[in-house]
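The values are calculated or read from the model by the stated rules, or taken from the named source; none is laboratory data. Since the model is a prediction, treat every value here as computed from it, not as a measurement. Here the Cβ is made from the backbone with ideal geometry for all residues, glycine too, and neighbour counts use every protein chain on show. Accessible surface areas use protein heavy atoms only, side chains included; no ligands, DNA or RNA. Shrake-Rupley method; radii C 1.70, N 1.55, O 1.52, S 1.80 Å.
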Amino acid sequence: MNSGITILIPYIAFLIPIFSALRLAKFNNDERQQDVFIGLPTPANALLIASFPLILIQKSTLAGIDISSIQSLFNSTVFLIALTILLSYLLIGEIPLLSLKFKTYNWQENKIRYIFLGISCILLILLFYSAIPVIILLYILLSLFNLKS
């Protein structure tokens, strides 16, 4: 890579707090967020990012599952830059995402929430910290699926 560009790479990480602040400013009093979140919630994004070093230090085989490919992703500069840009967009994007706010505990009204929580628990038991990126991806996919149904 060009040394001028290489010197700028560490500053790309500043996109996350900048877009988190933009998200909080943009959606803080948004009335549309009664039953859904608009954009990726900042705590979910922070949890995902906080999982990266934990994923790198955990065992590469969990419950007979080889997670070394997941670990190698988090050592890739290109992947981390692309993920930072994607997460920055998701923070402020006008995408309705599932809220885990339960108004009732009725199965029919909360089916997607219960499925998400159940799968998340299983993933955490099997993959420990490596489950967190998978859970966030599942959260986004279930939210998009839920919108279409």
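Quick check on this structure: which one of Ile115, Ile135 is crowded, with 17+ Cβ neighbours inside 10 Å, without any contact (Cβ under 8 Å) to a residue 40 or more places away in the chain and either in contact with a Leu (Cβ under 9 Å, 6 or more places away or on another chain) or of a type outside the set (S, T, N, Q) (or both)?
Working: Ile115 fails: crowded, with 17+ Cβ neighbours inside 10 Å.
After applying the criteria, what remains is Ile135.
Note down all Cβ pairs under 9 Å where the first residue falls in the stretch 14-25 and is at negative phi, the second is open to solvent by 70 Å² or more (accessible area, probe 1.4 Å) and part of a helix (DSSP H, G or I), and they're at least six residues apart or on different chains.
Leu15/Ile85; Phe19/Tyr89
Among the listed residues Ile9, Ile55, Ile81, which satisfies the condition of being at pLDDT 90 or above and of a type in the set (Val, Ile, Thr)? Step through it out loud before you land on a result.
On the way: Ile9 fails: at pLDDT 90 or above; Ile55 fails: at pLDDT 90 or above.
Checking each option against the conditions leaves just Ile81.
Return the only residue of Leu90, Leu137, Leu142, Leu97 being farther than 19 Å from Ala46 by Cα and within 13 Å of the chain's Cα centre (by Cα). So that I can check it myself, show each step before the final result.
Working: Leu90 fails: farther than 19 Å from Ala46 by Cα; Leu137 fails: farther than 19 Å from Ala46 by Cα; Leu97 fails: farther than 19 Å from Ala46 by Cα.
Matching residue, one of Leu90, Leu137, Leu142, Leu97: Leu142.
Given the criterion exposed (fewer than 14 other Cβ atoms within 10 Å of the Cβ) and either in contact with a Gly (Cβ under 6 Å, 6 or more places away or on another chain) or modelled with pLDDT of 90 or more (or both), identify the matching residue among Leu48, Leu86, Leu91. Lay out the reasoning, then the answer.
Values: Leu48 fails: exposed (fewer than 14 other Cβ atoms within 10 Å of the Cβ); Leu91 fails: exposed (fewer than 14 other Cβ atoms within 10 Å of the Cβ).
Checking each option against the conditions leaves just Leu86.
So Phe102 fits all but one of (1) of a type in the set (A, V, I, L, M, F, W, C); (2) outside any helix (DSSP H, G or I); (3) within 30 Å of Ile18 (Cβ to Cβ); (4) open to solvent by 40 Å² or more (accessible area, probe 1.4 Å); what number is the exception?
(3)
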